[in-house]
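Asker: The structure that follows is given in the form of structure tokens.
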Amino acid sequence: MSPWFDYPRYQWQQRHAVVIGAGIAGCQISWHLAQQGWTVSLIERETDIARQASGNLAGVISPKMTAKPSAGEQFYHQAFDYSTQQLTDLLAAGADVDWHPCGMLQLNHNEREQQRWEALRDRNLPADFLQCTDSEQTSQLAGIHCDYGATYFPRAGFINPASFCRALIQRPEITLISQVEAMNIAHDNNQWRVHDADGGVVAQAEVLILASGKDINQFTDSIVFPQLGVLGQSSHATPTQGSNALKCVIGHEGYLTPAYQGQHIFGATFDREFEEIAVSDPADQRNWQQLQEYFPEWCAEVAEINSGHAAVRTTTPDRYPYAGAVPDTAFYAEHYAALKHGRTAETYPQASYQPGLFVLGGFGSRGLTTSGLCARLLSDCINNQVTDKDQALLNTLHPARFLIRQLRRGKLPAIS
């Protein structure tokens with residue numbers, strides 16, 4: 001264990017936490033803490049939950065595979081297994097979740113995907129997890145004509161994110177505080193206090209978790225979590241008898257779902273540069289042109305095209321989310337500066353953190369798949385229950401990992 005990734009043994013006076021952000025990340029950590037006997041105050045600035053990055057009518061839950069076994073593939077595989085089991089358990093308990101495990105086909109639509117398909121085929125992975133199909137088999141599984149082979153995930157599917165979030169927070173231990181914007185936070189007398197725009201205290205607790213997506217950096221000047229914001233817009237197509245033949249999710253550069261609530265959901269755009277967060281006709285046209293490239297016959301069956309949802313999804317430079325305690329930047333700068341000289345064999349003190357402050361974010365476009373596992377790891381960390389098996393992954397998700405890389409390069413962080 002590197003000391004800069006080590007966590008203390010927590011001794012909480014009360015098992016009460018405040019969570020900022022009621023998207024999939026905030027709802028997941030609220031559920032996991034409630035499962036372990038905590039009460040949670042969940043703050044959301046919108047009128048309802050899952051309105052920002054979790055606001056699509058439908059989103060995909062699926063693994064992400066690499067040609068050869070890798071740490072990234074293992075993470076997504078583990079997260080996929082965790083999320084699908086969680087959904088199975090929620091449904092068995094009577095939760096009202098719009099989860100459709102109809103399978104997903106990832107098309108071999110370019111040379112890179114074809115090479116990955118060939119490598120995955122040669123690995124002989126279990127058929128109940130992954131199958132490599134030719135164009136004829138792909139068409140049979142999809143229910144529509146397709147000119148491409150594909151990687152088929154029979155346990156994948158699509159879900160209504162709002163229904164997922166709502167099912168997670170339907171517990172007596174969780175109190176939703178909506179239509180209140182958390183503007184700033186302050187720590188005093190062993191309590192985190194969350195203030196609204198008028199300076200009033202919205203909620204307070206010994207533990208505070210930042211799960212506010214693109215806005216996680218607004219609450220503390222002591223550290224900046226590197227994030228890359230991408231504007232994505234989904235689009236809707238009104239189904240017809242012909243388009244209703246589509247039986248499973250199809251992934252290409254984007255994704256396409258079977259008809260759900262009177263719409264096929266497809267997209268999404270991927271814009272790193274944008275001036276405003278809003279749906280636009282040009283974005284719908286790009287989504288539609290992309291879909292026509294791969295499914296011209298199916299597109300000819302579709303009726304009206306409408307705008308779906310636009311939001312900014314933030315990912316990290318290494319594509320792993322953040323899940324852990326917020327580091328004490330001044331302590332790191334003082335005690336780990338010698339890393340720039342390559343002195344990893346020295347004796348360093350155990351890391352220090354902002355007391356009771358945690359972060360869960362940076363999920364990009366795959367938060368529906370990965371947030372459950374990450375929330376479970378964070379909850380285990382808060383409850384001193386991290387196993388040796390999970391420790392390496394928790395290190396990978398550590399919120400201080402980019403700070404350590406900065407110190408290794410000899411760059412001291414700005415400290416306010």
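Asker: So what's the back-of-envelope 222 nm ellipticity for the chain, counting only DSSP H runs of four-plus at -39500 (n - 2.57) apiece and dividing by all residues, rounded to 500?
Answerer: Rounded to the nearest 500, the figure is -9000 deg cm²/dmol.
Asker: Highest mean first, how do 204-212, 239-247 rank when packing is the count of other Cβ atoms within 10 Å averaged over residues?
Answerer: Output ranking for 204-212, 239-247: 204-212, 239-247.
Asker: Mean 1/r over all different Cα pairs, inverted: what Kirkwood radius does region 34-149 give, in Å?
Answerer: It works out to 17.3 Å.
Asker: Another one. What is the angle, in °, between the Cα long axis of helix 71-92 and the longest principal axis of the Cα atoms in the chain? Nearest 10 is fine, range 0 to 90.
Answerer: 80 degrees
Asker: Then there is this: If one computes the Cα centroid of region 1-74 and of region 198-259, what distance in Å separates the two points?
Answerer: 13 Å
Asker: Could you tally the net charge around Ala211, taking each other residue with its Cβ under 15 Å from the Cβ of Ala211, Lys/Arg +1 and Asp/Glu -1?
Answerer: Within the 15 Å Cβ shell, the charges total +1.
Asker: Specify the residue with the greatest mean-square fluctuation among Asp96, Asp188, Asp147, computed from a Gaussian network of the chain linking alpha-carbon atoms under 10 Å apart.
Answerer: Result for the chain, Cα springs under 10 Å: Asp188 fluctuates most.
Asker: May I pose another question? Restricting to the chain, what percent of DSSP beta bridges are antiparallel, rounded to 5?
Answerer: 70 percent
Asker: While we're looking at this one, here's another question. Report the number of Lys pairs in the chain whose alpha-carbons are under 24 Å apart, with separation of 8 or more residues or on distinct chains.
Answerer: 5
Asker: Considering amide H positions built from the backbone, and no H for Pro or chain starts, which residues 5 or more places from Gly143, or on another chain, come under 5 Å of its amide H?
Answerer: Lys247
Here, each number is a calculation from the coordinates, and none is a lab measurement. Computed from a prediction, not measured in an experiment: that's the story for all the values here. All Cβ positions, glycine included, derive from the backbone under ideal geometry; neighbour counts span all protein chains shown.
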